[in-house]
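The values are calculated or read from the model by the stated rules, or taken from the named source; none is laboratory data. Everything numeric here is computed off the predicted structure, so don't read it as measured data. Methodologically, a virtual Cβ is constructed for each residue, glycine included, from the backbone with ideal geometry; neighbour enumeration extends over all protein chains shown.
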Amino acid sequence: MKKVIFLILGLLVVGVTKAQQLETYILEAEKNNPEIQAFELKYNIASEKVNEVNFLPNTEVSAGYFVSEPETRTGAQEVRLSVKQMLPWFGTITARENYAGSLADAQYEDLVIAKRRLALSVSQSYYKLYAIRAKQRVLDENIELLETYERLALTSVEVGNASAVDVLRLQIRQNELEQRKEVLEQDYLAEQSLFNNLLNRDETIAVEVFDTLSLPEQDPILERGKLELHPELIKYDKLYESVDKSEILNQKESAPNLGFGLDYVTVAERPNMDFSDNGKDIVMPMVSLSIPIFNNKYKSRTRQNKLKQQEITAQKDERRNRLETLLEQAVNNRVSSRISFNTQTKNIKKANDGEEILIKSYETGTIDFNDVLDIQELQLKFQINQIESIKNYYIQSTIINYLSN
């Protein structure tokens, strides 16, 4: 599982320290998450089933007392003791163990899938937390920028180049950004609670996230063939194999069962008679054979197993198609995120150029604070969109790595 974690983190992390940070959270989640613990217990139970099926039928012991003692030549029979042990056909117990082991193997794939999904959820939640913090920092920068513009506006009012309304508009805009920042803080607390719940720890524990995050120069090469090795598909292979084992067991159980036993009868001595076998007890070894003459049950199981394998094959095909669709969507969405990121980068540069023009205009006393608000709003919009593009890029990357590694 650690290998899977490293693959998931390989694309998503900038810098060794940051990789270790997110990796540590994922490992903590695997260790503490109750869902993972439940899957581990299910797998342990399934593994223990292998020992459960290694058994023989109960040994039958019986005893009887002759109320009316039957007379034989050597004396009257008094007490009868019997011991009997049935044995399954050769290889039946091994077939049971193989079948139980195949079910445990399928259960293990559920555990692997659960760990992968947990790593996916932790990573995605982590990038959402990063995006919220990044937006808050952008809002802080814009609030400081508006405060600078406010001071410029106050100076312009003093010299008659601006009105008090311009100052009020700038102050109102600052209040709006403060409100957005407070809303983001609530969003962060909610996402932090979700993140900590994935790690099964106190919801209020602070989460350390990246300070900065950028896109790699190129997207990693995607090996689509690895989708066939995904545990969600391997699980169906394991289930198919378990049906094979079930059919082998069915054939063994349809064979006769052997029984071995021993009867011991005590015989009383005949009075007033003298011969060599007088009162000799009876010992009778026995062999029995249980033949399933009416074996429709086993024939029906064979037909059911064939139908189950057809069902599993259809389920695997359907799941493969769904995973391929999810992979294509994630790849396309990641490309779209990169395109959006590049566009926002260009727009931010243009907005910054516009800001510089306004500042130069202020030096000549011709600044228009309506233009200031428009430029500031565009800057904020582009910066927020850029952060969203980064977040979406890495969230889509987590999905791609979940499906292709």
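Within the bounds of the stretch 185-201, is there any residue that is farther than 13 Å from Ile132 by Cα, modelled with pLDDT under 95 and among the hydroxyl-bearing types (Ser, Thr, Tyr)? So far as the stretch 185-201 goes, no, none of its residues is farther than 13 Å from Ile132 by Cα, modelled with pLDDT under 95 and among the hydroxyl-bearing types (Ser, Thr, Tyr). Residues of the stretch 333-341 include at least one that is in contact (Cβ under 8 Å) with a residue 60 or more places away in the chain and under 25 Å from the mean Cα position of the chain (by Cα).
Sub-6 Å Cβ pairs linking a first residue in the stretch 184-197 that is under 17 Å from Leu118 (Cβ atoms) and of a type outside the set (Phe, Trp, Tyr) to a second residue that is assigned to a helix (DSSP H, G or I) and at pLDDT below 95, at least 6 apart or interchain, number zero.
Of the residues Glu217, Glu208, Glu232, Glu247, which is surrounded by 14 or more Cβ atoms within 10 Å (Cβ to Cβ), farther than 21 Å from Gln329 by Cβ and of a type outside the set (Ser, Thr, Tyr)? So that I can check it myself, show each step before the final result.
Numbers: Glu217 fails: surrounded by 14 or more Cβ atoms within 10 Å (Cβ to Cβ); Glu208 fails: surrounded by 14 or more Cβ atoms within 10 Å (Cβ to Cβ); Glu232 fails: farther than 21 Å from Gln329 by Cβ.
Matching residue, one of Glu217, Glu208, Glu232, Glu247: Glu247.
Only one of (1) without any contact (Cβ under 8 Å) to a residue 60 or more places away in the chain; (2) closer than 30 Å to Lys280 by Cα; (3) small (Gly, Ala, Ser); (4) surrounded by 19 or more Cβ atoms within 10 Å (Cβ to Cβ) fails for Gly64. Which number is that? It fails just one condition, (4). Can you spot a residue in the stretch 282-297 that is loosely packed, with under 15 Cβ neighbours inside 10 Å and assigned to a helix (DSSP H, G or I)? Yes, there is a match, as at least one residue in the stretch 282-297 is loosely packed, with under 15 Cβ neighbours inside 10 Å and assigned to a helix (DSSP H, G or I).
Does at least one position in the stretch 40-51 carry a residue that is of a type in the set (Asp, Glu) and either exposed (fewer than 14 other Cβ atoms within 10 Å of the Cβ) or free of Cβ contacts under 8 Å to residues at least 60 places away in the same chain (or both)?
Of all residues in the stretch 40-51, those of a type in the set (Asp, Glu) come to 40, 48.
With the extra rule that they be either exposed (fewer than 14 other Cβ atoms within 10 Å of the Cβ) or free of Cβ contacts under 8 Å to residues at least 60 places away in the same chain (or both), the set shrinks to 48.
Yes, that holds for at least one residue.
Quick grid of which residues meet (1) assigned to a helix (DSSP H, G or I); (2) touching an Asp or Glu at 6+ places or on another chain (Cβ under 7 Å); (3) crowded, with 17+ Cβ neighbours inside 10 Å; (4) of a type outside the set (A, V, I, L, M, F, W, C):
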residue	(1), (2), (3), (4)
Leu103	yes, no, yes, no
Ala106	yes, no, yes, no
Glu109	yes, no, yes, yes
Ile132	yes, yes, yes, no
Tyr149	yes, no, yes, yes
Ser156	yes, no, yes, yes
Glu182	yes, no, no, yes
Asn196	yes, yes, yes, yes
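Within the stretch 158-180, the set of residues being over 18 Å from Gln383 (Cα atoms) and part of a helix (DSSP H, G or I) comprises Glu158, Val159, Ala164, Val165, Asp166, Val167, Leu168, Arg169, Leu170, Gln171, Ile172, Asn175. Restricting attention to the stretch 54-85, the residues that are aliphatic (A, V, I, L, M), touching an Asp or Glu at 6+ places or on another chain (Cβ under 9 Å) and at pLDDT 90 or above total 2. When the stretch 359-392 is limited to residues that are of a type in the set (Val, Ile, Thr) and part of a helix (DSSP H, G or I), the one that is modelled with the lowest pLDDT turns out to be Ile359.
Screening the stretch 158-173 for residues that are buried (at least 20 other Cβ atoms within 10 Å of the Cβ) and at pLDDT 90 or above and picking the one that is nearest to the chain's Cα centre (by Cα) gives Arg173. Considering only residues of the stretch 375-404 that are of a type in the set (A, V, I, L, M) and under 26 Å from the mean Cα position of the chain (by Cα), which is farthest from Asn142 (Cα to Cα)? So, considering only residues that are of a type in the set (A, V, I, L, M) and under 26 Å from the mean Cα position of the chain (by Cα), the one farthest from Asn142 (Cα to Cα) is Leu403. Only one of the numbered conditions (1) modelled with pLDDT under 95; (2) assigned to a helix (DSSP H, G or I); (3) in contact with a helix residue (DSSP H, G or I) (Cβ under 7 Å, 6 or more places away or on another chain) is not met by Lys128, and that is (1). Only one of the listed residues (Asn305, Asn321, Asn278) is assigned to a helix (DSSP H, G or I), touching a residue at least 60 places away in the same chain (Cβ under 8 Å) and of a type in the set (S, T, N, Q). That residue is Asn305.
Just to be sure before I move on: is Arg322 surrounded by fewer than 13 Cβ atoms within 10 Å (Cβ to Cβ) and either within 28 Å of Val138 (Cα to Cα) or not hydrophobic (A, V, I, L, M, F, W, C) (or both) in the structure I sent? Yes, satisfied.
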